[in-house]
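First the structure, in the form of structure tokens, and then the observations on it.
The values are calculated or read from the model by the stated rules, or taken from the named source; none is laboratory data. Source: prediction; values computed, not measured. Cβ coordinates were reconstructed from backbone atoms using ideal geometry, including for glycine residues, and neighbour counts include every protein chain displayed.
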Amino acid sequence: NAGVTQTPKFQVLKTGQSMTLQCAQDMNHEYMSWYRQDPGMGLRLIHYSVGAGITDQGEVPNGYNVSRSTTEDFPLRLLSAAPSQTSVYFCASRNSGGIQETQYFGPGTRLLVL
Amino acid sequence: AQKITQTQPGMFVQEKEAVTLDCTYDTSDPSYGLFWYKQPSSGEMIFLIYQGSYDQQNATEGRYSLNFQKARKSANLVISASQLGDSAMYFCAMRETSQGGSEKLVFGKGMKLTVNP
């Protein structure tokens, strides 16, 4: 299993540009989510999905769109990039239930918006 | 109001000593989960340990144990016999379930642990 994969690893955008951060998992997990990590802020939830076709907003959803057409993929779209969206973005997935819950994180995408 | 509080911005510990990382949480949910993650300088998030709110015993995973004090709403991580490779940022997190049934993971701001030789 590759686990959770994210592409690209690094990206530089100009203000106003749009782009899609890709996230895929091969563990057949129902729950997937996107976080951003800023210095001194910890991780904050952007959007999440509890299954294909179902998405919902997290703590900081403004400026981002998501869709979940398959169980495996959960792309995050920046509609019009702003310098405030400079951050490290993590995708995560998990299956709930059982004795222990484990959320698996991707390696992250470092985004710089100029 | 902050739901996960990690008050120690940074800690130093000598190699082979035990260290406790503090975490307090705030929730009115009777069912919740508590997690600890490690983030080394390379940036990846590594799951360490999980404690369910109904678990009777404290969770343990190798050198990691979670000191769960439900009445005090604390979930401190204890690392026994620190190793140089334990130097990293550590994040406490809580799984919340909303009224609609959706679940979210809320993170603390993290704390930096440095293990000295």
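Summary table below
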| item | result |
| --- | --- |
| Residue selected from segment B:69-97 under the condition surrounded by fewer than 18 Cβ atoms within 10 Å (Cβ to Cβ) and of a type in the set (Val, Ile, Thr), by the criterion modelled with the highest pLDDT | B:VAL78 |
| Set A:TYR64, A:TYR35, A:TYR48, A:TYR89: member being within 12 Å of the chain's Cα centre (by Cα) and free of Cβ contacts under 8 Å to residues at least 24 places away in the same chain | A:TYR48 |
| Complete set of residues in segment B:98-117 that are modelled with pLDDT of 70 or more and of a type in the set (S, T, N, Q) | B:THR114, B:ASN116 |
| All positions within segment B:26-63 that are touching a Leu at 6+ places or on another chain (Cβ under 8 Å) and either away from every other protein chain (no Cβ under 13 Å) or of a type in the set (S, T, N, Q) (or both) | B:GLN51, B:SER53, B:ASN58, B:THR60 |
| Residue in segment A:18-30 that is within 12 Å of chain B (Cβ to nearest Cβ) and touching a residue at least 12 places away in the same chain (Cβ under 8 Å) present | yes |
| Cβ-Cβ under 6 Å pairs, at least 6 apart or on other chains, segment B:35-51 side small (Gly, Ala, Ser), far side at pLDDT 90 or above | B:GLY43/A:GLY108 |
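Residues are listed down the side, and each one gets a yes or a no for (1) at the interface with another protein chain (Cβ under 8 Å from one of its Cβ atoms); (2) hydrophobic (A, V, I, L, M, F, W, C); (3) closer than 21 Å to B:GLU44 by Cβ:
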{"position": "A:GLY40", "(1), (2), (3)": "yes, no, yes"}
{"position": "A:SER49", "(1), (2), (3)": "no, no, no"}
{"position": "A:GLN57", "(1), (2), (3)": "no, no, no"}
{"position": "A:GLU72", "(1), (2), (3)": "no, no, yes"}
{"position": "A:ARG77", "(1), (2), (3)": "no, no, no"}
{"position": "A:GLN103", "(1), (2), (3)": "yes, no, yes"}
{"position": "A:GLY106", "(1), (2), (3)": "no, no, yes"}
